[in-house]
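Colleague: Can you keep this structure in mind? I'll have questions shortly.
Please treat every number below as a calculation from the coordinates, not as lab data. It should be emphasised that the depicted structure is a prediction, and the values quoted were computed from it without experimental measurement. Here the Cβ positions follow ideal geometry from the backbone for every residue, glycine too, while neighbour counts run over all protein chains shown.
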Amino acid sequence: MPYVIAGHCLDVMDTSCTEECPVDCIYEGDRKLYINPKECIDCGACEPVCPVEAISQDRRVADDMTEHIEDNRRFFTETLEGRDEPLGAPGGSHKTGPIGVDTPMVKDL
Ligand code: SF4
Ligand code: SF4
């Protein structure tokens, strides 16, 4: 049950969560951040530090934000704008740096 970042992060992006993650699996888009479900170890360390309560386990995402469960996954499994292949599981956001683009769903929000 990975953790998910929902829409409250949009345009907030203070990155407090990335400081807490022991496996560095929170990646920065353009308007929000995304948790890699393949890399998240479900430790929960990121959840309490988010000032806008954007982070929760996937089964506890608010009803009006459930589209973000699949969208966090899509950020890594689908080819983002300007890239040749999906991000997959790159092994940490410190390696990749900010990705700088969002999923098509988030771009349209
Ligand atoms: S639950 Fe733990 S491993 Fe998963 S994103 Fe949050 S801090 Fe990282
Ligand atoms: S702590 Fe919350 S608002 Fe800040 S970047 Fe992480 S998910 Fe977004």
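Colleague: Which lysines, if any, have their Cα less than 20 Å from the Cα of residue 107, not counting same-chain residues under 8 positions apart?
Modeller: 32
Colleague: Let me ask something additional. Among all cysteines in the chain, which have no other cysteine Cβ under 4.7 Å from their own Cβ?
Modeller: 9, 21, 25, 40, 43, 50
Colleague: Enumerate by residue number the GluC sites (Glu not before Pro) in the range 2-109 meeting two conditions: DSSP loop (anything except H, G, I, E, B), and at most 11 other Cβ atoms within 10 Å of the site's Cβ.
Modeller: Numbers: sites: 19, 20, 28, 39, 53, 67, 70, 78, 81; in loops: 39, 53, 78, 81.
The qualifying sites are 81.
Colleague: Something else: Relative contact order for the chain: what is it in percent, counting Cα pairs under 8 Å that are at least 6 residues apart? It would help to have the intermediate numbers written out before the result.
Modeller: Working: 182 pairs, mean separation 37.5, N = 109.
Relative CO of the chain lands at 34 percent.
Colleague: Another question about this same structure. If I model the chain as equal point scatterers sitting on the Cα atoms and use the Debye formula, what is log10 I(q)/I(0) at q = 0.10, 0.15, 0.23 Å⁻¹?
Modeller: Computed log10 I(q)/I(0) values: -0.23, -0.53, -1.41.
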